[in-house]
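Data first, discussion second: the structure below is written as C-alpha cells.
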Amino acid sequence: MGAQLRVYKQKINSAQTTKKITKAMELIAASRIQKAMARVRASSPFANAVTRAVSAVATHSDVDHPLTAERVDIRRSAVVIFASDRGLAGAFNSQILREGLELAALLRSQGKEVAFYLVGRKAVGYFQFRRLATEAEWTGDTDTPQFRTAEEIAATLIDAYNRGGGEGGVDEIHLVYNRFVSMMTQSPESVRLLPLEVVEAEEGPGGQVYPLYEFEPEAETVLDALLPVYIQSRVFNALLQSSAAKHAATQKAMKSASDNADKLITDYTRLRNNARQAEITQQIAEIVGGADALASGK
C-alpha cells in the first residue's frame, strides 16, 4: 500500500508541474495574440487596397502584362505553405500541411508539376522526414513576422514566375496558410496569388462603388510598380494571419492540456485517497484482529 501511495503522489506532482508549464504557455500565447491580431487588422486594409488598385489597372487597360496575363501552357505551379517554427499548437501545422498536399495532388491531376516553397521549421521538418523536394525555405520568423521576410519571399516568387515553368521557374503561384477566424477557429485557406484573378468592378458592401483610376504614367509602368508591392503585401498578410492563428491554436491547445492536467490530478487524488483509506482500514483490521487474539488467549 505504501508503494502505491508513493506512485500516486509522484503522478500528482508530475501533473501539477505539467499544469504550471501549460498554464504559463497559455498566458504567453494570450498576451501575444492581441498584438498579432492588431498587426493583422493594420495590414489587411492596405493589402485589400493594393489588390483593388492592381485589379483596376488590369481591368481598365489593354496592357498584356506578364504578371496578370493567364499563360496558355501552365507546366509548373508553386505552392507556398505557411507553417510555424514551434509546435504545441494542436492541429495547426498538420491541417495546413494536409491542405497544401491536397492542393498539390489536385494540381498534379491537372497535369502540372508542383514546386514547394516552405515557411516555418515544422513544414521543413515534415518535408525532410519524407524526403520531399523543395525549392526554397524560410525559418525563424513566424512568431512575429517582419516585413523583410515577406520581401525575400516575394522576390523569390517573382523571380521564379518571370523565368516560367519551361526554364525551371513556375507559371502560377498559390499561397496556403491558416486564416485567423476567431480564438477558437483557424481555417486553412488556399489563394492563387499569380496570375492575378481580375474581377470586373462591382459595387462594394453597402452600395459603395469602387473608384475609377487614371494612370500616370502609362498602365504598364504602373503595373510594374504596383505588382511587387501587391505580392509583398499579400505574402506579409498571409504571414501575419498565420502568426495570429498559431498563437490562438497554442492558447487553445495549452488550455486543453491544463484542463486535462486538472482531470488527472483529480483522478489520482481520488485513487490516492482510496488507497490511503484501504491502508487505514487494513491497519484497523489488523489491530482489531490482534486484540481479539490476545483476548481469546487469556
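Summary table
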| quantity | calculated |
| --- | --- |
| Hits in region 1-16 (condition: assigned to a helix (DSSP H, G or I) and open to solvent by 90 Å² or more (accessible area, probe 1.4 Å)) | ARG6, LYS9, GLN10 |
| Those residues of region 17-32 which are touching a residue at least 40 places away in the same chain (Cβ under 8 Å) and open to solvent by 80 Å² or more (accessible area, probe 1.4 Å), in sequence order | LYS23, ARG32 |
| Selection within region 112-127 - open to solvent by 40 Å² or more (accessible area, probe 1.4 Å) and either touching a Cys at 6+ places or on another chain (Cβ under 9 Å) or under 16 Å from PRO145 (Cβ atoms) (or both) | ARG121, LYS122 |
| Scope region 68-97; condition out of contact with any strand residue (DSSP E or B) (no Cβ under 7 Å at 6 or more places or on another chain) and in contact (Cβ under 8 Å) with a residue 40 or more places away in the chain; matching residues | THR68, ALA69, GLU70, ARG71, ASP73, SER84, ASP85, ARG86, LEU88, ALA89, GLY90, ALA91 |
| Residues (of a type in the set (Ser, Thr, Tyr) and either surrounded by fewer than 23 Cβ atoms within 10 Å (Cβ to Cβ) or farther than 16 Å from GLN95 by Cα (or both)) located in region 228-243 | TYR230, SER233 |
| Candidates ARG52, ARG71, ARG75, filtered to the one that is among the charged types (D, E, K, R), within 28 Å of the chain's Cα centre (by Cα) and modelled with pLDDT of 70 or more | ARG52 |
| Residue that is of a type outside the set (A, V, I, L, M) and either open to solvent by 60 Å² or more (accessible area, probe 1.4 Å) or not in a helix (DSSP H, G or I) (or both), where the choices are LYS246, LYS255 | LYS255 |
| The one condition in (1) closer than 19 Å to ASN93 by Cα; (2) over 17 Å from the mean Cα position of the chain (by Cα) that GLY165 fails to fulfil | (1) |
| First in region 232-255 and farther than 24 Å from LYS19 by Cα, second anywhere and buried (at least 24 other Cβ atoms within 10 Å of the Cβ) and among the polar types (S, T, N, Q), Cβ under 6 Å, 6 or more apart | SER242/ASN178 |
| Residue pairs meeting the criteria (Cβ under 7 Å; at least 6 apart or on separate chains; first open to solvent by 60 Å² or more (accessible area, probe 1.4 Å), in region 183-200; second outside any loop (DSSP other than H, G, I, E, B) and modelled with pLDDT of 80 or more) | MET183/ALA248; MET184/LYS252 |
| Any hit, region 34-43, residues being at pLDDT below 85, open to solvent by less than 70 Å² (accessible area, probe 1.4 Å) and in a loop (DSSP other than H, G, I, E, B) | no |
| Residue match in region 280-298 (condition: open to solvent by less than 80 Å² (accessible area, probe 1.4 Å) and in contact (Cβ under 8 Å) with a residue 24 or more places away in the chain) | no |
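The values are calculated or read from the model by the stated rules, or taken from the named source; none is laboratory data. Please read these numbers as outputs of a predicted model, since none were measured by experiment. Don't worry about glycine lacking a Cβ; one is built from the backbone with ideal geometry, like all the others, and counts go over all protein chains shown. When the accessible area is computed, the model is the full protein with side chains, heavy atoms only, and any ligands, DNA or RNA have been set aside. Shrake-Rupley method; radii C 1.70, N 1.55, O 1.52, S 1.80 Å.
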